[in-house]
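Okay, structure first, notes after.
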């Protein structure tokens with residue numbers, strides 16, 4: 001099919017289901033292709049898939065840095081298989097993560113979810129099939145996530161690879177003093193595990209102290 005760039009219609013609407021990518025074009029045509037052709041989209045969260053932008057030649061997903069031309073949709077051109085993520089290996093994550101929030105957008109077929117924490121903050125989650133039952137059971141509930149992750153430049157979480165998930169309570173729920181007193185493993189202040197820094201203030205030493213504090217069990 002030969003279509004010049006100037007005659008190429010633009011994407012007016014894009015929808016991504018669990019197995020299909022559908023684009024409604026400016027000339028009225030609708031194109032649907034298998035989602036498995038585009039591994040980055042197939043493994044993305046629902047929020048990442050919804051956040052798309054129209055470009056002069058196609059579609060751009062900024063959260064994934066993924067681009068797809070309308071011409072490729074016409075031709076039926078899959079992304080090369082070598083770009084498919086290796087789900088047997090977790091991403092390279094170098095920060096210990098301990099975050100509370102509400103578990104949303106759980107997709108155990110692709111091992112993805114979202115944690116909504118603090119007003120207006122959302123972090124993408126990845127998890128192994130071994131956690132499928134826990135993720136399904138705790139979906140939409142308030143949870144505590146432990147794992148490994150990485151930060152964005154603005155010090156917000158970019159992604160967390162979940163190693164453990166447990167149920168917790170919302171900050172809006174009343175505090176249960178009796179349950180706190182009877183908790184066999186309470187989170188209490190331990191002066192023996194306090195990490196200190198010397199004076200005068202040194203930035204490098206301060207950052208080291210923060211890292212040591214995260215590593216304290």
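Using the 10 angstrom Cβ neighbour count as an exposure proxy, how do 69, 130, 167 rank, fewest first?
On the way: 69 17, 130 8, 167 12.
The fewest-first ordering by Cβ neighbours comes to 130, 167, 69.
Between segment 97-172 and segment 7-25, how many Å separate their Cα centres?
After rounding, the separation between the Cα centres reads 29 Å.
So what are segment 5-83's ellipsoid semi-axes, whole angstrom, largest first, if each one is the square root of 5 times an eigenvalue of the alpha-carbon gyration tensor? Provide the component values of the computation, followed by the final result.
Numbers: eigenvalues 70, 36, 29 Å².
So the three semi-axes of segment 5-83 are 19, 13, 12 Å.
Could you work out the equivalent-ellipsoid semi-axes for segment 95-186, taking the square root of 5 times each eigenvalue of the Cα gyration tensor, largest first, in whole Å? Could the numbers behind the result be given before it?
Numbers: eigenvalues 102, 54, 33 Å².
Calculated on Cα positions only, the semi-axes equal 23, 16, 13 Å.
For 60, 43, what's the fewest-to-most ordering of other Cβ within 10 Å of each Cβ? Intermediate results must be reported in sequence, preceding the final value.
Working: 60 16, 43 19.
Listing 60, 43 from fewest to most nearby Cβ atoms yields 60, 43.
Please arrange 22, 112 by counting, for each residue, the other beta carbons lying within 10 Å of its beta carbon, fewest first. Mind dumping the intermediate values first?
Details: 22 15, 112 21.
So the ranking, lowest neighbour count to highest, is 22, 112.
All of the numbers you see were taken from the coordinates with simple rules; none came from a lab. If you're wondering where the values come from, they're calculated on a predicted model, not measured in any experiment. Counting neighbours? That spans all protein chains shown, and the Cβs are built from the backbone with ideal geometry, glycine included.
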